[in-house]
Amino acid sequence: MRIAIGADHGGFDLKQELKVFLSSQGHEVEDVGAHRLEPTDDYPDFTLAVAKIVANRGAERGIMICGSGVGASVAANKVKGVRASVCHDTYSAHQGVEHDDMNVLCLGARIVGLELAWELAAEFLAANYSGEERHQRRLDKVLDMEDHLG
């Protein structure tokens, strides 16, 4: 699977480790930055880069890492076609894809450690949208909101 990944200074070290893990699992990883640790960089810049790639179908999924994951999630959801969530438990990481067609996983490097980040990414990437009627009905409502409220 092709994955876009990004991080600000708060998630830089975790991103570097997670890229190695993802590549070892056979994924093609596009790193949109930060490419060096810069304490004054801002998560919206890297979040936008990840979100645009996913929205334009340049990658099937995206992973964005900041300090808490919250800011990245808020920012990513501003991009039409992106359904992002901060997930710090494995259930949410796969259920968000299965029920809500989540396509960007946001992680907080100050919240999760390396091994949990590996598990979260693996669950997120292994999951598939169910397409069940109730899930599709709800997703259609979300997509309608995106089209008419934004």
Only unsatisfied item for residue 38, checking (1) part of a loop (DSSP other than H, G, I, E, B); (2) under 13 Å from residue 5 (Cβ atoms), is (2)
Per the filter on the stretch 49-66, residues surrounded by fewer than 20 Cβ atoms within 10 Å (Cβ to Cβ) and on the phi < 0 side of the Ramachandran plot are 49, 52, 55, 56, 58, 60
Filtering the stretch 19-47 down to residues that are touching a Gly at 6+ places or on another chain (Cβ under 9 Å) and not acidic (Asp, Glu) yields 32, 33, 34, 43, 44, 46, 47
Within the stretch 59-75, residues farther than 20 Å from residue 128 by Cβ and either touching a Pro at 6+ places or on another chain (Cβ under 7 Å) or of a type in the set (Gly, Ala, Ser) (or both) come out as 67, 68, 69, 71, 72, 73, 75
In the set 99, 88, 135, 94, the lone residue that is touching a residue at least 24 places away in the same chain (Cβ under 8 Å), under 18 Å from residue 27 (Cβ atoms) and not aliphatic (A, V, I, L, M) is 94
Note on the stretch 5-47: residues at positive phi and either surrounded by 17 or more Cβ atoms within 10 Å (Cβ to Cβ) or among the hydrophobic types (A, V, I, L, M, F, W, C) (or both) are 33
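Computed from the coordinates by the stated procedures, all read-outs in this text should not be read as laboratory data. What you see is a predicted model; the values in this text were computed from it and never measured. A quick note on method: Cβ atoms are made from the backbone with ideal geometry, for glycine too, and the neighbour counts reach across all protein chains shown.
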